[in-house]
1. Would you list MET72, MET1 from fewest to most Cβ contacts within 10 Å?
2. Of the residues PHE106, PHE42, PHE75, which exhibits the maximal mean-square fluctuation in a Gaussian network model of the chain defined by a 10 Å Cα contact cut-off?
3. Return a whole-number percent for the relative contact order of region 39-114, with Cα pairs under 8 Å and 6 or more residues apart as the contact set.
4. Check cross-link reach from LYS7 to the lysines: straight Cα distance under 30 Å, and skip same-chain residues fewer than eight apart.
5. Would you mind ranking ARG40, ARG52 by Cβ crowding within 10 Å, fewest neighbours first?
6. What order do you get for SER47, SER2 when you list them from fewest to most C-beta neighbours inside 10 Å?
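Laboratory data are not the source of any read-out in this text; all were calculated from the coordinates shown. Nothing here was measured: the structure is a model prediction, and the numbers come from that model. Every residue, glycine as well, gets a Cβ built from its backbone with ideal geometry; the counts of neighbours run over all protein chains shown.
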Amino acid sequence: MSDSAKKGIKIGASIVVLIIAFFMIRGSVRDELVDSVNTRVFKDKDSGELFRVSIGPGKKYFPAENPNTGQMTLFPTEVCFKNECGDNEGTRVILNTLLDKPGPTFCPKCGALVSSR
Ligand SMILES: [Zn+2]
């Protein structure tokens, strides 16, 4: 086998490895993106229950329907990690602006100011 043929096989093999790696990486990244982009944690403004809601690009996605009550009471949330809220998974808070309430939003648990990211 000539040197150039060996070289060709080497290059071919490394390209195949690269392609496989590319698809493996892309597959896992895409799954994460789908999870974080297309769903958000919504909170029921009345009961405080949390739901994961699928959202689509460009459409108005809130208020969303609470699957338990059928009421349109679910709103997207921000997460407070301040004070004691940072000790656990954070506290989900609905911003006042989404509820047509005036003024800044404060965390109901620790009282910290919560703003949109
Ligand atoms: Zn808090």
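1. Numbers: MET72 12, MET1 7.
Exposure proxy ranking, most exposed first: MET1, MET72.
2. PHE106
3. Details: 128 pairs, mean separation 17.4, N = 76.
It rounds to 23 percent for region 39-114.
4. LYS7 reaches no qualifying lysines.
5. Ranking ARG40, ARG52 by Cβ neighbours within 10 Å, fewest first, gives ARG52, ARG40.
6. On the way: SER47 13, SER2 7.
With the sparsest Cβ surroundings first, the list reads SER2, SER47.
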